[in-house]
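The values are calculated or read from the model by the stated rules, or taken from the named source; none is laboratory data. A quick note: this is a predicted structure, and the numbers were derived from the prediction, not measured. We place every Cβ from the backbone using ideal geometry, glycine too, and count neighbours over all the protein chains shown. Note: accessible area is taken over every heavy atom of the protein model, side chains too, but ligands, DNA and RNA are not part of it. Shrake-Rupley method; radii C 1.70, N 1.55, O 1.52, S 1.80 Å.
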Amino acid sequence: QVQLVESGGGLVQPGGSLRLSCAASGSIFSINVMGWYRQAPGKERELVARISSGGTTDYADSVKGRFTISRGNAKNTVYLRMNSLKPEDTAVYYCNAGSVLYTYWGQGTQVTVSS
């Protein structure tokens, strides 16, 4: 089992920045990819960014050049730096971790971009 705890969401004005953090605990040795998804009201959950155990990153087209995913030195923490935020980035952001057999989700953190 893997537990994921997110932090860092909040209210920010358009053009502002936020950093989300996700700390994994439990059977972290089994994780081979970690990432962030988001779900806006009335929309499906979508991939925002992910990073493999080897450091390969992948981003949604809508956030390329604005968001950066990274891992902490201990490899059990993943960060999402979000710059130049837009109102359409408003959503609940979920941390995700995947192993060969299982997918784990955090509880979600609200990000609201509004003036």
Problem set entry | Checklist (1) without any contact (Cβ under 8 Å) to a residue 24 or more places away in the chain; (2) on the phi < 0 side of the Ramachandran plot applied to residue 89, failing item | (1)
For this session: Assess whether residue 54 counts as being part of a loop (DSSP other than H, G, I, E, B), open to solvent by 50 Å² or more (accessible area, probe 1.4 Å) and on the phi > 0 side of the Ramachandran plot.
Result: no
Problem set entry | Residue tally, condition in contact with a helix residue (DSSP H, G or I) (Cβ under 9 Å, 6 or more places away or on another chain) and within 11 Å of residue 80 (Cβ to Cβ), over the range 25-47 | 1
Exercise. Applying the selection to the range 1-27, what residues are open to solvent by less than 50 Å² (accessible area, probe 1.4 Å) and among the β-branched types (Val, Ile, Thr)?
Worked result: 2, 12
For this session: Please verify whether the range 74-93 includes one or more residues that are surrounded by fewer than 21 Cβ atoms within 10 Å (Cβ to Cβ) and touching a Phe, Trp or Tyr at 6+ places or on another chain (Cβ under 6 Å).
Result: no
Exercise. Out of all the residues in the range 28-42, is one or more polar (S, T, N, Q), open to solvent by less than 60 Å² (accessible area, probe 1.4 Å) and closer than 19 Å to residue 107 by Cα?
Worked result: no
For this session: Could you list, in sequence order, all residues of the range 57-68 that are loosely packed, with under 15 Cβ neighbours inside 10 Å and under 26 Å from residue 101 (Cβ atoms)?
Result: 57, 58
Problem set entry | Hits in the range 61-115 - residues which are modelled with pLDDT under 95, more than 21 Å from residue 45 (Cβ to Cβ) and not in a loop (DSSP other than H, G, I, E, B) | 71, 77
For this session: Take the range 63-86 and flag every residue that is free of Cβ contacts under 8 Å to residues at least 12 places away in the same chain and within 15 Å of the chain's Cα centre (by Cα).
Result: 64, 72
